[in-house]
1. Could you list, in sequence order, the residues of segment 4-26 that are more than 21 Å from T51 (Cα to Cα), of a type in the set (V, I, T) and part of a helix (DSSP H, G or I)?
2. Might you let me know whether segment 40-48 holds any residue that is small (G, A, S) and within 10 Å of the chain's Cα centre (by Cα)?
3. Which one of these does V9 not meet: (1) surrounded by 13 or more Cβ atoms within 10 Å (Cβ to Cβ); (2) in contact (Cβ under 8 Å) with a residue 12 or more places away in the chain?
4. Can you find, within segment 12-24, the residue that is nearest to G61 (Cα to Cα) among those that are surrounded by 10 or more Cβ atoms within 10 Å (Cβ to Cβ) and without any contact (Cβ under 8 Å) to a residue 40 or more places away in the chain?
5. Condition test on A40, is it part of a helix (DSSP H, G or I) and at pLDDT below 90?
6. Among the residues of segment 25-71, which ones are surrounded by 12 or more Cβ atoms within 10 Å (Cβ to Cβ), of a type in the set (A, V, I, L, M) and either touching a Phe, Trp or Tyr at 6+ places or on another chain (Cβ under 6 Å) or closer than 20 Å to F13 by Cα (or both)?
Amino acid sequence: MVYPGMRMVTPLFKFVFGTVVGFAFLCVAMSVFVVVHPPAPSPSATELANTCSTCFKMGFGAVVGLLGGQKL
């Protein structure tokens, strides 16, 4: 059912949204794996975990931006 003033979600939006969500969850999973897997992570592993954490934050911001832009 379509209500007055309701926006339709296009297949392109679904593709972009799914890609961003998948990328964000991949980054957080890799970050957790790198930190938890070895008993004492090396400095390069810590840097990789920090980079993945930053990518997750950017992905989360992109998800919020996509949802906010879709609502307008």
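The values are calculated or read from the model by the stated rules, or taken from the named source; none is laboratory data. Because the structure is predicted, anything quoted here is derived from the model rather than measured. Backbone-built Cβ (ideal geometry, glycine too); neighbour counts: all protein chains shown.
1. Answer for segment 4-26, where residues must be more than 21 Å from T51 (Cα to Cα), of a type in the set (V, I, T) and part of a helix (DSSP H, G or I): just V16.
2. No, that holds for no residue.
3. Just one mismatch for V9, condition (1).
4. Here is the first cut: in segment 12-24, the ones surrounded by 10 or more Cβ atoms within 10 Å (Cβ to Cβ) are 13-24.
After this cut, where a residue has to be without any contact (Cβ under 8 Å) to a residue 40 or more places away in the chain as well, the list is 14-15, 18-19, 22-24.
On the way: K14: 17, F15: 17, G18: 14, T19: 14, G22: 14, F23: 12, A24: 10 Å.
Among residues in segment 12-24 that are surrounded by 10 or more Cβ atoms within 10 Å (Cβ to Cβ) and without any contact (Cβ under 8 Å) to a residue 40 or more places away in the chain, the one nearest to G61 (Cα to Cα) is A24.
5. no
6. Those that are surrounded by 12 or more Cβ atoms within 10 Å (Cβ to Cβ), of a type in the set (A, V, I, L, M) and either touching a Phe, Trp or Tyr at 6+ places or on another chain (Cβ under 6 Å) or closer than 20 Å to F13 by Cα (or both): L26, V28, M58, A62, V63, L66.
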